[in-house]
Each structure stands twice: as C-alpha cells, then as structure tokens.
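Below you'll find the structure, written out as structure tokens, and then a few comments.
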Amino acid sequence: MIRIGNASGFYGDRFDAWREMLTGGELDVLTGDYLAELTMLILGRDRARDPSTGYAKTFLRQMEGCLGLALERGVRIVTNAGGLNPPGLAAALESLAARLGLSVRIAYVEGDARTRKPTAGFGGGAPGGVYLGGFGIAAALAAGADVVVTGRVTDASLVVGPAIAQFGWSRDDLDALAGATVAGHILECGAQATGGNFSFFTELPDGGRRPGFPIAEIDANGTSVITKHPGTGGAVTVETVTAQLLYEIGAPAYLGPDVVTWFDRVRLAEDGPDRVRVTGARGTPPPPTLKVGVNNLGGFRNSMTFVLCGLDIEAKAALVRAQLTDSIGGHGLEFVLARTDHPDAADTEAASALLHVHLRDADPKRAGRAFSAAAVELALASYPGCTLTTPPGDGTPYGVFTAEHVPQSDVEHVVVLPDGQRVTIAPPATTEVVAARRGSDDEPPSSFGRPRPAPLGAVVGARSGDKGGDANLGVWARTDEAYAWLHGWLSTARLRDLLPETASLDIERYALPNLRAVNFVLRGLLDEGVAASTRFDPQAKALGELLRARIVDIPGELLP
C-alpha cells in the first residue's frame, strides 16, 4: 500500500496545509495541485511579462518551511506548481535548498506538442500546455527524486504517477491505473473530499469550519481507501467522497492520457470512521490524442454597477440601457438586472436592485474610460436616486482558454532526472477511440405516494463546476429510495424548467447508479470560459446549490 496525501487543491489554497499534512501523520507522498484553466491564463500573463516566471510562486514560500521537514520524514513531494515553466521552478527550488543547507534530489517533467504552431496571447505555445499522464512522474520517482515538479499534467496524474512507481504497473494494467485515477480525482481538490463545499456541511462534526486534507491509501490492484489525518476537521464519508467524484466530470468514460476510467463502475463503501473504500473502477485503453490547453487574449472587459432604489426598477434599468447605448453604441454591452430589492423596505440597501453593466471589446480604449466615464456621466442626468458602486476605471485584458487535441505520438513527454539526464516517455502502444454516448432521459419515475412541496435539497446533494465554456452539475440522492425517484424525475426538460438560464442549451444527462447520482453537462453555459464570463457565478460553483434551493413536489415518504 502507498499512502498519498494532498496539500493543495488550487493556486491560493490553505497556505499551512503542507505543514499540517507533514506533521499530522504518516505519508509516503504528498501532492499539491495548483493548476486550473484560469490559473494557466494567469501564469501565461506572468510569463509574457517575465519569461523566468510562469510557475506558482506560493509553492516556493510554502517549501521554505516544509522542504526540510519532508526530507526528514521521508515524504516525497509531487506537484504541478511548475505551471508553464517547470524548469524555472526546479531551478528556484535548487536555490532554495542551497540557501537552507539541504541536499535534495529534484526532477521535473515537461511536454509540448511538437507539431503545434505557437499561438499569440497569454503564454500560448509555451511548454506545459499538454495534459500529460503519470508515467513521467513515475520515472522521476523511480530514479530517486525527492521532489517532482510538473507542468500541466492531468490533476489525477499527481497520484497515478506515485502509484505506478510503487507497484511497477505497466500501461497494460488498465484497471489498476483506473483505480488510481479515481483516487487522484478524489484527492485533487483538497478539502472538497473531506467536507469542503459540501451540501450538508451543517451535519459535519465541526460544522465544516476547518476540514482536513484527504489521503488515499492505494493498494497494488488500484483499489483505495480515502481518509484523513486523525484529529483534523471535516469528515470522510460516502457522501463527501461522492460529491468530489461528481465534480467537473462529463460522460462516465473519464478520458485520461494513460487510461479511460469508467466512473459508472465505481463503488463506495464505509470502511470505518473517516474511511471510505473505493472499488470497481474499470479501465480501457486511453484515447489516441492528448488535450492541449491554449491561452489566448480574448480582448478587454470592464464593468459598472448602478444602484436602483425604490419604485419603477424596470423603467430605471431601461433608461440606463438606452442612455449608455446612445453614448457608446450597443456592441459588446451586456445588462444584468439583479432584483435584490424588497417591497416596503425600511433601509436603502434592502430597497435597491443592482444593474450590472458589462462591456467586452477588442479595443482597450472603448472598454476602458470611454465606457466607465460614460456610465459616471449619467450620475446627474438619469433616473432618480442614480448612484454607482465604483468610480470609473480602465478595462482589463481577459484570456480565453481553449482545448486542442493532438496525437499522443506528436507529444514530447520528457523527464529531467536529478542528475540532469533527460528521459523521453514513450506514448502508449495501444489506444482506442471512445464512442460518444449520450445518457438516457426517458426513465419513468417510480411509483411514490402523495407529494409535498419542499426544497429539492431536502433529499439530494449537488456539486457543480466549470470545464472551459461548459459546466457540469452532479446531483446525488441520500437514499436508495430517493435515487429511484430522482433518476426518473430529474430529466433534462425538468432541469431546464428549474434553471431557466439553461433552457436554450444543449444538455447531456448521465446516470451513475452506483453513486445514486445523475450528472448533467451544460454545454456553453459559461460562454468562452471563466476568464471571459460575465455571469454572477462565472465558474458555476453555486449552480448546484441554486438547484437544491428550488421548491418542488417531493414524495412525502422521502422527506425527513
């Protein structure tokens, strides 16, 4: 068994988590995930300004107090904090170790598509844009590395790589690789597996105040137990693990560079306090292509918010719309009226609605002061009570993340070992194209008794998130009986009724009966992605909670 922990789920996660994980109990490997699509855009902008950067600088500050501790305890570190510049971070770590008087063996993994033309924009074409697998990490660990720095490997590869090194799996050990991929997906977002962002957080022992970080105990066959260090907050239960399994997934065939993992085969079972056993993962050969992240400059954006108080809210919003359109033209303008006002309110804030005005344009001048000054100029010439929440400001550039796909054989996957030797990782010999499969949406609801109106969240949990311009929304039932109802009741048509902003979207629905869950993929909900989105919830993180808050007719016997 190998015991792998996680100390970071994103760039900006709990700073002290590395120390907490290193001092809290036994570990073999400690991973840190710093990369997301938005993060790659940020790092791309950094590197465009300074080619020596492009990595997660926070990781260096964390290692200043933890690198010696990890060496002392024999815990090896694997992180994708290298971002767009793994060699740069490896060199910075070498300098840090020398300053601290530590002897440390550092390896790094990088890869890029050899045949892809570099693109303009935020770090476009930089090494590290290819979503690599775990065999490069495994080679680095097998060569004795204490620290392995990577760029844009898949999140799960941070766990898959150490498992490959521990058990000597080959590319043919597909079920084992799939099991480690599931464990990696559970760990990748840190405390989301131990009660963070959990629908039923009020039921956690500490009310969700400070959840610990997760650990996967992985066996040689790829099955695992998810747990956490004793005495840390939150909880590890079938439901907290289910919530993370549903995060940012699509069809049950979970595509990865080393294996396609079939999530509809995964089973979860309690294995003691704060222990959940994960079994049943099945793997098939990986696809013939790899995903490549491309960061481009999308244009410039700006926003101004008008406060509309009291009566005639809709008419006031219409006046602002007409005035701004007359002033700067309608191209790129977006108006969103948030009806936060309450009738007969006793104070100004409770009586006010908010009109958010967004502008996106290729011209930085139009998206800058030309827009924001035009909004401020209305202060004495618009609706009664006109006020804005901010002064005028310049527009800011925004990036657009897009995904390309290139043949695995066209990608140079290289490991630079601690002794400086460069090792090329061969692509998989066997690949398969996974046939597209849409979920069924015609299951008849099971027979239940008389319904009562109640929030949907009384009987289900939810977890939602972003994938480029798309969003996913996973919904799980708390009991077998509730799933029998949910499976037939929550169709794509009903989802469109409950979430009107999805009415015009292409929606895919997939059933995951072993998890008592259904997963929806909402194509295009986020337009060009989080960096470009003007939605109130640009990453769709709150979409699941919005659905749970809707009042629906629920069979009385299912309600608590």
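The values are calculated or read from the model by the stated rules, or taken from the named source; none is laboratory data. On a predicted model such as this, the values are computed, not experimentally measured, just so you know. So basically every Cβ, Gly included, is an ideal-geometry build from the backbone, and we count neighbours across all protein chains shown. Accessible surface is based on the protein model in full, side chains and every heavy atom, while ligands, DNA and RNA are left aside. Shrake-Rupley method; radii C 1.70, N 1.55, O 1.52, S 1.80 Å.
Residues in the stretch 221-240 that are more than 18 Å from residue 203 (Cβ to Cβ), open to solvent by less than 10 Å² (accessible area, probe 1.4 Å) and part of a loop (DSSP other than H, G, I, E, B): 222, 229.
Would you pick out the residues in the stretch 21-37 that are buried (at least 19 other Cβ atoms within 10 Å of the Cβ) and either in a helix (DSSP H, G or I) or touching a helix residue (DSSP H, G or I) at 6+ places or on another chain (Cβ under 7 Å) (or both)?
Quick first cut of the stretch 21-37, residues buried (at least 19 other Cβ atoms within 10 Å of the Cβ) only: 21-22, 27, 29-37.
Matches in the stretch 21-37: 21, 22, 27, 29, 30, 31, 32, 33, 34, 37.
Selection of the stretch 278-299 for residues being open to solvent by less than 40 Å² (accessible area, probe 1.4 Å) and over 18 Å from residue 178 (Cβ atoms) yields 292, 293, 294, 295, 298, 299. Beta carbons closer than 7 Å, at least 6 apart along the sequence or on distinct chains, never pair a first residue in the stretch 530-546 that is modelled with pLDDT of 95 or more with a second that is part of a loop (DSSP other than H, G, I, E, B) and of a type in the set (Lys, Arg).
Residues that are among the hydrophobic types (A, V, I, L, M, F, W, C) and in contact with a Phe, Trp or Tyr (Cβ under 8 Å, 6 or more places away or on another chain) within the stretch 379-400 comprise 386, 388, listed in sequence order. Against the test of being crowded, with 20+ Cβ neighbours inside 10 Å, over 27 Å from residue 470 (Cα atoms) and modelled with pLDDT of 95 or more, the options 163, 193, 243 yield a single qualifying residue, 163.
In summary, helices (runs of 4 or more DSSP H) completely within the stretch 131-213 and bearing 1 or more residues that are without any contact (Cβ under 8 Å) to a residue 24 or more places away in the chain occur at 135-142.
When residue 250 is tested against (1) within 20 Å of residue 540 (Cβ to Cβ); (2) crowded, with 18+ Cβ neighbours inside 10 Å, only condition (2) is not met. So is residue 522 crowded, with 20+ Cβ neighbours inside 10 Å, in contact (Cβ under 8 Å) with a residue 40 or more places away in the chain, in a loop (DSSP other than H, G, I, E, B) and under 20 Å from the mean Cα position of the chain (by Cα) or not? When the stated conditions are applied, residue 522 does not pass them. In the stretch 38-53, the qualifying residues are those that are open to solvent by 10 Å² or more (accessible area, probe 1.4 Å) and touching a Lys or Arg at 6+ places or on another chain (Cβ under 9 Å), and the one that is farthest from residue 468 (Cα to Cα) is 53.
Of all the criteria given as (1) within 30 Å of residue 326 (Cα to Cα); (2) of a type outside the set (D, E, K, R); (3) within 29 Å of the chain's Cα centre (by Cα), the one not satisfied by residue 411 is (1).
Being in contact (Cβ under 8 Å) with a residue 12 or more places away in the chain and either open to solvent by 10 Å² or more (accessible area, probe 1.4 Å) or more than 19 Å from residue 244 (Cα to Cα) (or both) is the filter here, so list the residues in the stretch 259-277 that pass it.
Step one: list which residues in the stretch 259-277 are in contact (Cβ under 8 Å) with a residue 12 or more places away in the chain, which gives 259-271, 274-277.
Once the filter is applied, which keeps residues that are in contact (Cβ under 8 Å) with a residue 12 or more places away in the chain and either open to solvent by 10 Å² or more (accessible area, probe 1.4 Å) or more than 19 Å from residue 244 (Cα to Cα) (or both), the stretch 259-277 yields 259, 262, 264, 265, 267, 268, 269, 270, 271, 274, 275, 277.
What are the residues in the stretch 333-346 that are outside any loop (DSSP other than H, G, I, E, B) and more than 22 Å from residue 366 (Cα to Cα), if any? If the condition is that a residue be outside any loop (DSSP other than H, G, I, E, B) and more than 22 Å from residue 366 (Cα to Cα), then 337, 338 are the ones that fit.
If we keep just the residues of the stretch 440-463 that are modelled with pLDDT of 90 or more, open to solvent by less than 50 Å² (accessible area, probe 1.4 Å) and not β-branched (Val, Ile, Thr), which is nearest to residue 400 (Cα to Cα)? If you could, list the steps in order and put the result at the bottom.
Pass one, the stretch 440-463, residues modelled with pLDDT of 90 or more: 450-463.
Now drop any that are not open to solvent by less than 50 Å² (accessible area, probe 1.4 Å), which leaves 454, 456-463.
Then drop every residue that is not not β-branched (Val, Ile, Thr), which leaves 454, 456-458, 461-463.
On the way: 454: 40, 456: 35, 457: 34, 458: 38, 461: 31, 462: 27, 463: 24 Å.
Among residues in the stretch 440-463 that are modelled with pLDDT of 90 or more, open to solvent by less than 50 Å² (accessible area, probe 1.4 Å) and not β-branched (Val, Ile, Thr), the one nearest to residue 400 (Cα to Cα) is 463.
Scanning the stretch 277-289 for residues that are out of contact with any His (no Cβ under 7 Å at 6 or more places or on another chain) and part of a strand (DSSP E or B) yields 277, 278, 279, 282, 283, 284.
Can you give me the ranges of the strands (runs of 3 or more DSSP E) entirely in the stretch 347-439 with at least 3 residues that are open to solvent by less than 50 Å² (accessible area, probe 1.4 Å) and aliphatic (A, V, I, L, M)?
On the way: elements: 352-361, 396-407, 411-416, 422-424.
Result: 352-361, 411-416.
Could we say that residue 466 is at pLDDT below 95, of a type in the set (D, E, K, R) and open to solvent by less than 60 Å² (accessible area, probe 1.4 Å) here? So residue 466 passes the test.
Would you pick out the residues in the stretch 520-559 that are among the hydrophobic types (A, V, I, L, M, F, W, C) and in contact with an Asp or Glu (Cβ under 9 Å, 6 or more places away or on another chain)? Full working, then the answer.
Restricting attention to the stretch 520-559, the residues satisfying the condition of being among the hydrophobic types (A, V, I, L, M, F, W, C) are 520-522, 525-526, 530-532, 536, 540, 542-543, 546-547, 549, 551-552, 554, 558-559.
Hits for the stretch 520-559 are 520, 521, 522, 525, 526, 530, 531, 540, 543, 546, 558.
When 227, 223, 242 are checked against the criterion of being among the β-branched types (Val, Ile, Thr), free of Cβ contacts under 8 Å to residues at least 60 places away in the same chain, within 25 Å of residue 34 (Cα to Cα) and touching a strand residue (DSSP E or B) at 6+ places or on another chain (Cβ under 6 Å), 227 stands alone in meeting it. Output the residue which, of all residues in the stretch 47-58 that are closer than 16 Å to residue 152 by Cα and in a helix (DSSP H, G or I), is modelled with the lowest pLDDT. Of everything passing the filter in the stretch 47-58, 47 is modelled with the lowest pLDDT. Inside the stretch 490-519, residues that are touching a residue at least 40 places away in the same chain (Cβ under 8 Å) and either in a loop (DSSP other than H, G, I, E, B) or open to solvent by less than 30 Å² (accessible area, probe 1.4 Å) (or both) make up a count of 14.
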